[in-house]
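Here is the structure we will look at.
The values are calculated or read from the model by the stated rules, or taken from the named source; none is laboratory data. Fair warning: this is a prediction, and the values are worked out from it, not measured in the lab. Neighbour counts run over all protein chains shown; Cβ positions are idealised from the backbone, glycine included. Keep in mind that these areas ignore ligands, DNA and RNA; they rest on the heavy atoms of the full protein, side chains included. Shrake-Rupley method; radii C 1.70, N 1.55, O 1.52, S 1.80 Å.
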Amino acid sequence: MDRFDVLIAGAGPAGSFAAERLARGGVRVALFDGRPPGEPKACGGGVTSKALKAWPHLLEAVGRTIDELDMYSPSGKHLHLKLDEPFAVYSRIAFDTFLRERAREAGAQVFAEKISGRGFKRVEGKMAPVLPEGSLDPVATTTPRGLPARGPRSAPGSDTEDGWIIRMQSGAEFFTDWLVGADGANSAIAKKLAGPLPPAEMEIAFGYRAPLPVDGEAATVVAFLPNWVGYAWAFPRIDHISFGIATTQDAFDHDSLDALMWDFMVAYYEVAQVGNLRGRMRLWSKQQRETQISNLRYKELKKTAERYAARIPGLAPRTWDTRRACGERWALLGDAAGFADPVTGEGIYYALRSAELFADAYLANKPLNYEQQWRADFGKELQRASQMRRKFYGNFWGAPFTDRMIEFARGHRGIRKVLGRLVAGDQGYTDLKRKLARSALKPL
Ligand SMILES: Cc1cc2nc3c(=O)[nH]c(=O)nc-3n(C[C@H](O)[C@H](O)[C@H](O)COP(=O)(O)OP(=O)(O)OC[C@H]3O[C@@H](n4cnc5c(N)ncnc54)[C@H](O)[C@@H]3O)c2cc1C
């Protein structure tokens, strides 16, 4: 049975980033993911400028940088936003491969295998496995790459030899001192170690991967939905467009939302077809939908668009106080821990940041400090976002807040700036209304 200091389930952004950082620090890391090759994780692939500033190497992954954004309000009002700080859009195959290869180069052992749903067992005391010849030496004080081992290791052969036996779907078994669940929103490890989340604390996002418009020029669009919590997006990537809708799982009604998705997609191509990138999409009208159904573009699109759907955690305000992301010899990262923005569904920044915080706490020999560190670093802000969610998608001065926000931004540079910072990831929700109100009071 091979043995590792840290075994990570899931090579999404959280798992790969943690594996890279730990391996660079001399830790013996195994990284497991059973996703079939070529199958992307369902995701818009948008990475905020806040993330790009924190980890500039992300710009080396193949993607598009976006410095202009078209926003639509629930009543169809349009705002063209020039962003001071561009964000990036990646295909998740490109992004995940980039991060996984960096982990491998740093010295992590990467396995294309899935951990079995119930395949992890805590071992305490003297139950450490007998290692067959040729497997990693548990008493080694250096890593396979010759670096001194760092982080909290058990004293091998002693009573303190605790850890986990992990079983793969293939039946293979491994021993690890620490188990890290970075296995996404449906994490089996999180369900067992932190408890399952109720459906009301999950968002759902679905959409289509569809071809780029013929001339390859493609606008980036975010449109808030009429009478629904959430928004639709069009994120152009290198070779296709990711269209999607993110909304709450408990109120999810597939047929109505799918109809909105198609409205949005057809309206998008209609503007692109006439070559007017800045053109205004006609959205959400019944008449518009009826003309679209008979539209040739709609029929073509039905044949080519590839559907996807997945869940995103959206923790309720009080859950942020009670849910743990780490304990004795285990930790949860990214979506597995519930770390996504409950207003936007943005999770890549938090996946990377949680990975960084855990790896640094582990390398400092204080892995349990991770709990207080994620709370201090971004936990409070995400909790406030979840308190804000109802207000953000609710009413403000007699109309949806998002409608008011876009209406005011159209006529006011200060408000456009605040909105730009929100998209960049630099503007939190806590003081969003105050900032918008303050900007509105400043002279134009
Ligand atoms: C449709 C949609 C659109 C989104 N758009 C955006 C966006 O534009 N920007 C943004 O910031 N966020 C977005 N998100 C959220 C974002 O995708 C997640 O927050 C982010 O991927 C979390 O990263 P992660 O590494 O924690 O988990 P994941 O990216 O989900 O990675 C988990 C990995 O674990 C693997 N895995 C699962 N089970 C096992 C197992 N038993 N054994 C081994 N491996 C396993 C999976 O194959 C997967 O590769 C979107 C989400 C959805 C669903």
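If I take all pairs of Cα atoms in the chain, what percentage of them are more than 34 Å from each other?
Values: 34618 of 98346 pairs.
Percent of Cα pairs beyond 34 Å in the chain: 35.
Given R₀ = 22 Å, FRET efficiency for Q387-D250 by Cβ-Cβ distance, to 0.05?
Plugging the Cβ-Cβ distance into 1/(1 + (r/R0)^6) gives 0.80.
A straight Cα-to-Cα reach below 30 Å connects K192 with the lysines K41, K114, K121, K126, K366, K380, residues fewer than 8 places away in its own chain not being considered. Within the shell of other residues whose beta carbon sits under 9 angstrom from the beta carbon of R410, the net charge comes to +1, with Lys and Arg scored +1 and Asp and Glu -1. Over the range 348-389, the ratio between the Cα radius of gyration and 2.2 N^0.38 Å evaluates to 1.24.
Only Cα pairs under 8 Å and at least 6 apart count here; give the relative contact order of the chain as a rounded whole percent.
20
Placing pseudo-labels 7 Å out from each Cα toward the beta carbon at E300 and V62 gives an inter-label distance of 2.5 nm. Solvent-accessible surface of the chain, averaged per residue with a 1.4 angstrom probe and all protein chains in place: 43 square angstrom. Other residues within the sphere of radius under 9 Å centred on the Cβ of D96, judged by their own Cβ, net out at +3 (K and R +1, D and E -1). Cross-link partners for K77 among the lysines, with Cα-Cα distance under 22 Å and sequence neighbours closer than 8 places in the same chain left out: K286, K391, K417, K433, K435.
Computed 3J(HN,Hα) for the range 353-368, one whole-Hz value per residue from the Karplus formula 6.51 cos²θ - 1.76 cosθ + 1.60 where θ = phi - 60°, is 5, 5, 4, 5, 5, 5, 4, 5, 5, 5, 5, 7, 6, 10, x, 6, glycine and proline marked x. Taking only protein heavy atoms and a 1.4 Å probe, the accessible area of the chain is 52% carbon and sulfur. Less than 17 Å from a label point 7 Å out along the Cα-to-Cβ axis of A54: which backbone N atoms in the range 369-394 qualify, by residue? Within reach of a label on A54, which here means backbone N under 17 Å from a point 7 Å along Cα→Cβ, the range 369-394 contributes 370-386. Using a simple spin-label model with pseudo-atoms 7 Å out from Cα toward Cβ, V214 and N369 lie 6.0 nm apart.
For I241, the shell of other residues with beta-carbons less than 12 Å away shows a net charge of 0, using +1 for Lys and Arg and -1 for Asp and Glu.
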